[in-house]
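Working notes, beginning with the structure itself.
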Amino acid sequence: VVTGLELHPLLRRGIEVRSRHVGIERPQALLRLVPENPEALLALGNRHVVSALQFDRELVVQLCRLAAGIEIQPALLHMPLTGKILITAFYEPSTRTRLSFESAWHRLGGDILSITDPATTGMAKGESLADVAEMFSNYSDVVVLRDRDAASVYSMLETLRVPIINAGNGIDEHPTQALADLYAIFKWRPDLATDTPGQPIRVGIIGNPAKMRTVRSLLHLLSMFAAVIEEVVVINGDDDVFGEGQRDALAQRGLRLRVEPGLRNNLPALDVVYINSIAWIGDTFERLTQAHRLTADSPFKPGAIVLHPLARGDELDVSLDDTAHNWYFSQARGATFVRMALLTSMVERVHRVADVRPPS
Ligand code: CP
């Protein structure tokens, strides 16, 4: 509280804007190790992105490679989306997804129309999603939608004439979050994105694969990289944590899965620890319990990284922020670059960025 004419104590200390080392060495390593294949990105041209299952291994690797090129030298982009308009329609709260999509589009030179409350649109008067989508097609080049109802994005697909990106549909999927997750993993271990990977990794997922959309999409992508994943350990006290057919489908794609109740006894064997705070149940959500809490004192394997799609709750203690295990801030930051790569590909302007190279 500032009293009278006295400066706030923080200002008396002459505080500077906080900085965080972000470095370009890791995206540079990814660029160096993965050969460029822009042809793979052409497959995204004028396509909807609704499920992580639509991707394949090479497309994910090339999106991450392009994201790395953008992260290193964003000034080389020549504003490839100049003249294009994005609509972001977020009918459920968001900090990262909406703002990183909008940041990505702005950085690419495009313009944005943003809806954060359906009550300000014709939907408040009962307008159907199909009709809203018809209008979106008139006003924009790409739509990004978040909706509590898993079916909404599919309703819009019926009439949309521009590509739509699913930015979270109920408990179903959040495919671009999974891309950001993989981008973080590849920056940590670029060899995993190559044809000559090193040691396979053990991934822990603290959460619920049936009810957490980020986990559902991440598992789809991990299954495309099953060859470099020794095992995925789902840490959850419940017996039945997979949706109908989910576990079998993942296993058929080669992903080795194990469910374990305990966190502390499994943590020392995990290379990547993915934790999420919220499982949706109808219109509300439940959080992880204290038994699934990560702190700086948790028994991590040396060199292990922690990922979290955020927003965090008590399960991710702030004491972890200043440790080397904190890769969740890098994960959130990288989401902008991977979304820039995705958006550029979807509006068929890859040719304007495919020559992004690391400095010699
Ligand atoms: N990761 C993620 O979806 O965060 P937001 O809910 O803030 O968009």
Notebook entry, point to check: Of everything in the range 314-344 that's more than 16 Å from the ligand (Cβ to nearest atom) and among the hydroxyl-bearing types (Ser, Thr, Tyr), which residue is modelled with the lowest pLDDT?
Noted result: Thr344
Checklist line | Within the range 168-189, considering residues that are among the aliphatic types (A, V, I, L, M) and under 17 Å from Leu63 (Cα atoms), the one nearest to the ligand (Cβ to nearest atom) | finding: Ala180
Next item on the list: Among the residues of the range 191-232, write down those that are touching a residue at least 40 places away in the same chain (Cβ under 8 Å), within 30 Å of Gly313 (Cα to Cα) and not aliphatic (A, V, I, L, M).
Entry: Arg202, Gly204, Gly207, Asn208, Lys211, Arg213, Thr214, Arg216, Ser217, His220, Phe225
Checklist line | Within the range 95-115, considering residues that are assigned to a loop (DSSP other than H, G, I, E, B) and modelled with pLDDT of 95 or more, the one nearest to the ligand (Cβ to nearest atom) | finding: Thr95
Next item on the list: Please find, within the range 116-165, the residue that is farthest from Ile281 (Cα to Cα) out of those that are assigned to a helix (DSSP H, G or I) and of a type in the set (Gly, Ala, Ser).
Entry: Ser137
Notebook entry, point to check: Any chance the range 155-163 includes a residue that's touching a helix residue (DSSP H, G or I) at 6+ places or on another chain (Cβ under 6 Å), crowded, with 24+ Cβ neighbours inside 10 Å and among the small types (Gly, Ala, Ser)?
Noted result: no
Checklist line | Given (1) within 30 Å of Leu81 (Cα to Cα); (2) within 16 Å of the ligand (Cβ to nearest atom); (3) out of contact with any Ser or Thr (no Cβ under 9 Å at 6 or more places or on another chain), index of the condition Ala311 fails | finding: (3)
Check: Of everything in the range 240-288 that's without any contact (Cβ under 8 Å) to a residue 24 or more places away in the chain and among the polar types (S, T, N, Q), which residue is nearest to Ile229 (Cα to Cα)?
Finding: Gln252
Next item on the list: Considering (1) of a type in the set (D, E, K, R); (2) touching a strand residue (DSSP E or B) at 6+ places or on another chain (Cβ under 9 Å); (3) more than 16 Å from the ligand (Cβ to nearest atom); (4) under 18 Å from Val306 (Cα atoms), say which one Asp141 fails and leave the rest.
Entry: (4)
Notebook entry, point to check: When Thr120 is evaluated against the numbered criteria (1) of a type outside the set (Asp, Glu); (2) without any contact (Cβ under 8 Å) to a residue 12 or more places away in the chain; (3) within 16 Å of the ligand (Cβ to nearest atom), which criterion, by number, is the only one it fails?
Noted result: (3)
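The values are calculated or read from the model by the stated rules, or taken from the named source; none is laboratory data. Here the structure is a predicted model, which means the values were calculated and not measured. Please note: Cβ atoms are built from the backbone with ideal geometry, for glycine as well, and neighbour counts cover all protein chains shown.
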